[in-house]
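Here's the structure, in structure tokens; my notes come after.
The values are calculated or read from the model by the stated rules, or taken from the named source; none is laboratory data. As the structure is a computational prediction, the values presented were derived from the model and not from experiment. All Cβ positions, even for glycine, are placed from backbone atoms using ideal geometry, and neighbour counts span all protein chains on display. In case anyone asks, the SASA skips ligands and DNA or RNA and just uses the protein heavy atoms, side chains included. Shrake-Rupley method; radii C 1.70, N 1.55, O 1.52, S 1.80 Å.
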Amino acid sequence: MSGVFCVLEGGFSLNKDKMFMKKALALAAKGQGRTSPNPMVGSLVVSADNLIIGQGYHQKAGEAHAEVYALGQAGDRAKGATLYVTLEPCCHHGLTPPCVDLIIKSGIKRVVAAMEDPNPLVSGKGLARLQQSGIDVTCGIMLKEALILNEVFIKYISSGYPFIALKAAVSLDGKIATYTGDSKWITGDAAREFGHILRDRYDGIMVGINTVLADDPMLTTRLLKGGRDPVRIILDSHGRTPIRGKVINNGSEAPTIIASTEKAPENKIERLKLAGAEVMIIPQDRFGHVDIDILMKKLAVRGITSILVEGGGHVNASVLESGLADKLYWFIAPMLIGGQKALGPLAGKGVKNLSEAFTISNMKLSSLGKDILVEGYIMNK
């Protein structure tokens, strides 16, 4: 980030700025799971006597930005007021006009932004135009919170890869199923409901063919208040996904993508396409499986900015070892399963020495009914 704009300027109350930015961040979060591939953004217009006279958030990609809603509510009262926004206002033409033009025209006296936009099309240019127009600019208020809010967008726009989270439900002794494969249900109702909340938030959900063959899952979002179904992504090197499987035939409008390789027979590929699935032929990695790195790049090009991995041990291990996994949702149930042949959440060869192990940072523990949820960030090597 440019140090030119992300400097706290004197003459204003930092506590006041934080108070209003906190409200703007809460507004922005209302768009979670709906703004992709855009970021979540919230905005407030605050009068000289500290009254909120306009507010809004980016509700859906292609629709008005947060600043448009906030300034629209404020109307003529925006003249001489302060605009709080969780992300640097855009200065380029996309699906909507540049927000900086509207801000300048509105007569706003001061703009307070939580962070610069990492999008190269903006990246400081929006704040520069505001400053050049005579508007006071402050950036960096509640920066840490803003970075966490838009962690998905930041990785996607900066790296060209989706943000990837691994989700698993394990027993206290680290098993995801018994030696017979029985896994329903390790966690309780509250944990499973939160799992569906995650599906609603992420653009895609990914599993391996073994999960599809064993469980015949729908991979949809099932919440009492409804929700958005993620794009279903199946790692299936040989095209073994059943054409009558629920992952293809469940009435959902969300597409199903079968990521396969040249090892899949053409007749199976054609049958999957006729059944309604999209098939992507991906080069093989050194083990003869779908190359995760190449697949993720292709999915990002499709505008899929985030993926929740709900696979078995082999899929989890391959994503982890690819170095692309970002976050962890690890549900731990108060039960012991035992058995050397019982399945664990990570297969593969594993690391040789503890010094090579993946570590988890910023770990947070919470209770969901009888279960514990461990959230954290995966430190890639």
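Is there any pair linking a residue in the range 28-48 that is over 13 Å from ALA66 (Cβ atoms) and of a type in the set (Val, Ile, Thr) to one that is open to solvent by less than 30 Å² (accessible area, probe 1.4 Å) and part of a strand (DSSP E or B), with Cβ under 6 Å and at least six apart or on different chains, and which?
As it stands, the answer is VAL46/THR82, since those pairs meet every condition given.
Only residues that are crowded, with 16+ Cβ neighbours inside 10 Å, of a type in the set (A, V, I, L, M) and more than 29 Å from the chain's Cα centre (by Cα): list them for the range 263-274, please.
Matches in the range 263-274: ALA264, ILE269.
Could you grab me the full set of residues in the range 42-64 that are within 18 Å of ASP117 (Cβ to Cβ), open to solvent by 20 Å² or more (accessible area, probe 1.4 Å) and touching a strand residue (DSSP E or B) at 6+ places or on another chain (Cβ under 8 Å)?
TYR57, ALA64
For the range 82-139, what are the residues that are open to solvent by less than 40 Å² (accessible area, probe 1.4 Å), among the hydroxyl-bearing types (Ser, Thr, Tyr) and within 23 Å of ALA48 (Cβ to Cβ)? Before you say what the answer is, go through the steps one by one.
Of all residues in the range 82-139, those open to solvent by less than 40 Å² (accessible area, probe 1.4 Å) come to 82-91, 96, 98-100, 103, 106-108, 110-119, 122, 124, 126-128, 130, 135, 137-139.
If we keep only those that are among the hydroxyl-bearing types (Ser, Thr, Tyr) as well, we get 82, 84, 86, 96, 106, 138.
The answer is THR82, TYR84, THR86, SER106, THR138.
Which count do you get for residues in the range 344-381 that are farther than 30 Å from GLY160 by Cβ, open to solvent by less than 90 Å² (accessible area, probe 1.4 Å) and not in a strand (DSSP E or B)?
Qualifying residue count, the range 344-381: 3.
So which residues in the range 12-41 are open to solvent by 10 Å² or more (accessible area, probe 1.4 Å) and in contact with a His (Cβ under 6 Å, 6 or more places away or on another chain)?
VAL41
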